[in-house]
Amino acid sequence: MKKLQYERPVIQRLNTGVMNKFGTRTEYAPVTHIEGNAVKDLIEKYGSPLFVISQRVIEQTYRDANRAFKTRYPKVQFAWSYKTNYMNAVCNVFHKMGSWGEVVSGFEYQKALNNGVPGNKIIFNGPDKTEEELKSAIQNNSMIHIDHLDELYLIKELATEMKARPKVAIRVNMDTGIYPMWDRFGFNYENGQAWDAINKIMLTDKIDLVGLHCHIGTFMLAPSAYGVAAAKLSDLALGIKKKFKKNIQYIDMGGGFASKNTLKGSYLQGQDTSPSFDQFAEAITTAILNAGFVEDELPLLILETGRALIDEAGSLLGTVISNKRLSDGRRATIMDFGVNVMFTSFWYDHKISPAQEFSQYTEDAVLYGPLCMNIDVIRENVTLPPLKRNDHVVVHTVGAYNMTQWMQFIALRPAIVLIDLDEKAHVIRKRETLSSIESEEMMPKHLKEFKL
């Protein structure tokens, strides 16, 4: 007979239908498998920690978003936001579903080309585009979204030099009732900067203005703000039609839709407060349809949705290193992953599930990572059953930004596996090794030898 694990007796206050200061109990059942793959087997084969991405969840989420917009508007095109997760396999799942590419750097632009995305299906955003990168975008007939006047003037010079006619849009910032207003990027709608840029483009007749673009914020919880933005971009498009007799081909609403994560400090869970794709779609499409466009001149609606399409498809598997008591008596559990690979711990209270059976007892705890930094906190407060050394956990909704903003700091970065539609796991990024991170280093000859 297997010896039962000792658990110290605890007195637990019961909250019937009422949340305590740490929220409700986090888990009632373990998550032992991810789409037919046992957590312990994945960790044994690929190491801990380990990112796992579900192709099935990506495709279902994409279909939900596509349906929400296409049932309300006749011309819709998604463009995958590379900065959200630029693992090539992830990008190609979206491209196979019909998504274009949206990039914000020359590095991402080259990745999109290497992935097989046609140049005319790549949107080039961002404030930092070098002359060589702009030349490449012009040669590949990509859509260049102009962020500032210096960029506009450079594109004009390149158009003359290359004897080409670049396809451009301008990024517009505006007051949508959201604080803080994102006015760092692009040209302001209210003070006339947007019209100033439009006039400079149209009156030189060297650049083809094909679109209008905005990106009003991140993790947006107010669909109505998108309705305001869509109405203002539509007003600009109709103004261009009236003044210059030119139809704007597309309106790009950017990204920023909230995922189902829970923001730090939120009283309710993200799955209860984050708007649905239908709510965002209703606000945006209603504003454009009611703006006054002639039916056959409706602009293409482009969406650069990132976080809301990928977050739920990603999980992080990890292992308990140890437990200890803090000076105030709280339980502290140290995991083998931290803010180095889960950057979004600074923003969200991620849902965390034990990956093995547990008892009915729970305790309020702090979850720390393995780094020698006091800010390496995964969850400041979480209610979980007692976890012992070598137990495993699953962190949910980590598909966005963690694999692009992670740091090679103190610990090596983990492998990433993709689980396909047949529940087969594929390594899409190998686990880092010392040799892989030192491969770009060079040692000066006079430092190669020393004696201690």
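The values are calculated or read from the model by the stated rules, or taken from the named source; none is laboratory data. Computed from a prediction, not measured in an experiment: that's the story for all the values here. Here the Cβ is made from the backbone with ideal geometry for all residues, glycine too, and neighbour counts use every protein chain on show.
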TODO: Go through segment 16-52 and give me each residue that's surrounded by 11 or more Cβ atoms within 10 Å (Cβ to Cβ), at pLDDT below 70 and in a loop (DSSP other than H, G, I, E, B).
DONE: 19, 22, 24, 25, 26, 27
TODO: Can you work out which of the residues in segment 226-236 that are hydrophobic (A, V, I, L, M, F, W, C) and out of contact with any Leu (no Cβ under 6 Å at 6 or more places or on another chain) is surrounded by the most Cβ atoms within 10 Å (Cβ to Cβ)?
DONE: 229
Open item on the list: Among the residues that make up segment 128-141, is at least one of them over 22 Å from residue 111 (Cβ atoms), of a type in the set (D, E, K, R) and either assigned to a loop (DSSP other than H, G, I, E, B) or at pLDDT 95 or above (or both)?
Closed with: no
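Yes or no, residue by residue, for (1) under 29 Å from residue 53 (Cα atoms); (2) among the charged types (D, E, K, R):
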| position | (1), (2) |
| --- | --- |
| 272 | yes, yes |
| 293 | no, no |
| 298 | no, no |
| 304 | yes, yes |
| 363 | no, yes |
| 367 | yes, no |
Open item on the list: For segment 307-321, check the following and say yes or no: at least one residue is among the polar types (S, T, N, Q), at pLDDT 95 or above, outside any helix (DSSP H, G or I) and surrounded by fewer than 18 Cβ atoms within 10 Å (Cβ to Cβ).
Closed with: no
TODO: Return yes when residue 107 is part of a strand (DSSP E or B), among the aromatic types (Phe, Trp, Tyr) and modelled with pLDDT of 95 or more and no when it is not.
DONE: no
Task: Failed item in (1) more than 30 Å from the chain's Cα centre (by Cα); (2) among the polar types (S, T, N, Q); (3) closer than 19 Å to residue 346 by Cβ, with residue 390 passing the rest - done: (3)
Task: Complete set of residues in segment 110-127 that are more than 22 Å from residue 417 (Cα to Cα) and not in a helix (DSSP H, G or I) - done: 117, 118, 122, 123, 124, 125, 126, 127
- [ ] Assess whether residue 363 counts as being surrounded by fewer than 14 Cβ atoms within 10 Å (Cβ to Cβ), acidic (Asp, Glu) and either modelled with pLDDT under 95 or farther than 30 Å from residue 60 by Cα (or both).
- [x] no
TODO: Answer yes or no: is there a residue in segment 212-226 that is over 18 Å from residue 124 (Cβ atoms), free of Cβ contacts under 8 Å to residues at least 24 places away in the same chain, not in a helix (DSSP H, G or I) and not hydroxyl-bearing (Ser, Thr, Tyr).
DONE: no
Open item on the list: If I filter segment 365-387 for residues that are polar (S, T, N, Q), more than 16 Å from residue 336 (Cβ to Cβ) and in contact with a Leu (Cβ under 8 Å, 6 or more places away or on another chain), do I get at least one hit?
Closed with: no
Open item on the list: Being out of contact with any Cys (no Cβ under 9 Å at 6 or more places or on another chain), in contact (Cβ under 8 Å) with a residue 40 or more places away in the chain, over 20 Å from residue 129 (Cα atoms) and not hydrophobic (A, V, I, L, M, F, W, C): is that true of residue 166 here?
Closed with: no
Task: Qualifying positions in segment 268-289 - under 26 Å from residue 380 (Cα atoms) and either touching a residue at least 60 places away in the same chain (Cβ under 8 Å) or polar (S, T, N, Q) (or both) - done: 269, 270, 271, 273, 274
TODO: Starting from residues that are in a strand (DSSP E or B) and under 28 Å from the mean Cα position of the chain (by Cα), keep the ones in segment 193-211 and report whichever is surrounded by the most Cβ atoms within 10 Å (Cβ to Cβ).
DONE: 211
TODO: Determine, yes or no, whether residue 291 is at pLDDT 95 or above, crowded, with 18+ Cβ neighbours inside 10 Å, not in a loop (DSSP other than H, G, I, E, B) and not assigned by TED's automatic domain parsing to the domain that holds residue 367.
DONE: no
Task: Test set (1) part of a helix (DSSP H, G or I); (2) at pLDDT 95 or above - residue 246 fails condition number - done: (1)
Open item on the list: Looking at (1) surrounded by 13 or more Cβ atoms within 10 Å (Cβ to Cβ); (2) of a type outside the set (Val, Ile, Thr); (3) at pLDDT 95 or above; (4) touching a helix residue (DSSP H, G or I) at 6+ places or on another chain (Cβ under 9 Å), which one does residue 391 not meet, given that it meets all the others?
Closed with: (4)
Task: Sole exception among (1) under 19 Å from residue 194 (Cα atoms); (2) among the charged types (D, E, K, R); (3) assigned to a loop (DSSP other than H, G, I, E, B) for residue 171, by number - done: (3)
Open item on the list: Looking at segment 156-168, can you tell me whether even one residue there is in contact with a Gly (Cβ under 9 Å, 6 or more places away or on another chain) and either surrounded by fewer than 21 Cβ atoms within 10 Å (Cβ to Cβ) or under 28 Å from residue 309 (Cβ atoms) (or both)?
Closed with: yes
Open item on the list: Quick check on segment 89-104: of everything there that is under 18 Å from the mean Cα position of the chain (by Cα) and assigned to a helix (DSSP H, G or I), which residue is surrounded by the fewest Cβ atoms within 10 Å (Cβ to Cβ)?
Closed with: 92
